[in-house]
Amino acid sequence: MAVDTIFSKIVRGEIPADIVYQDDLVTAFRDINAQAPTHILVVPNHVVPGADDVTERDEAVLGRLFRVATAVARAEGIGQSGYRLIVNCGADGGQEVPHLHMHVLGGRPLGRMLPG
Ligand code: AMP
């Protein structure tokens, strides 16, 4: 049976989300618990559990993911002011949802990369 995640259900439109972009490879939607004025997640439409699971077959989707993340940032009006792209991986990386996703965060100064 194929692996399924909450983000797969968003991709398929089975649970509600504020989708800002979707194509054949990736989907972008607003984070339900925004940490900044702009906080959007960009995910592959198929499940890649995390960064550590990326293989050669994911190269095209990851290129698209990066391009869509930056296009979404520009569409949000933060292309010039700047933003942060984050991919958390695994327990120590703080990854909660086992479906690879890139956070697009901006709209205010984000400070240092890590606290402390
Ligand atoms: P991470 O800690 O990198 O795995 O981030 C997971 C993110 O997914 C968190 O920022 C959550 O707020 C977000 N999230 C979880 N469920 C949903 C949902 N149903 N719709 C939108 N964002 C979600």
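Summary of computed values
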read-out	value
Count of segment 21-49 residues which are more than 25 Å from M113 (Cα to Cα) and of a type in the set (F, W, Y)	1
Residues within segment 1-19 that are under 20 Å from T38 (Cβ atoms) and in contact with a helix residue (DSSP H, G or I) (Cβ under 6 Å, 6 or more places away or on another chain), tallied	1
In segment 22-44, the residues that are open to solvent by less than 40 Å² (accessible area, probe 1.4 Å) and either of a type outside the set (A, V, I, L, M, F, W, C) or farther than 22 Å from C89 by Cβ (or both)	D23, T27, D31, T38, H39, P44
Test: residue in segment 52-63 that is touching a Cys at 6+ places or on another chain (Cβ under 7 Å) and either over 19 Å from E96 (Cα atoms) or open to solvent by 50 Å² or more (accessible area, probe 1.4 Å) (or both)	yes
Matching residues in segment 96-112 - criterion: being open to solvent by 40 Å² or more (accessible area, probe 1.4 Å) and either free of Cβ contacts under 8 Å to residues at least 24 places away in the same chain or closer than 21 Å to I10 by Cα (or both)	E96, P98, P109, G111, R112
Residues of segment 24-69 classified as more than 11 Å from the chain's Cα centre (by Cα) and within 11 Å of V104 (Cα to Cα), total	5
Segment 7-21, residues that are at negative phi and either surrounded by fewer than 15 Cβ atoms within 10 Å (Cβ to Cβ) or of a type in the set (G, A, S) (or both)	S8, K9, R12, E14, I15, P16, A17, D18, I19
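The values are calculated or read from the model by the stated rules, or taken from the named source; none is laboratory data. Remember, it's a predicted structure, so these values are computed and weren't measured experimentally. Neighbour counts are summed over all protein chains in view; Cβ atoms, including those assigned to glycine, are modelled from backbone coordinates with ideal geometry. The accessibility values were calculated without ligands, DNA or RNA, using every heavy atom of the protein model including side chains. Shrake-Rupley method; radii C 1.70, N 1.55, O 1.52, S 1.80 Å.
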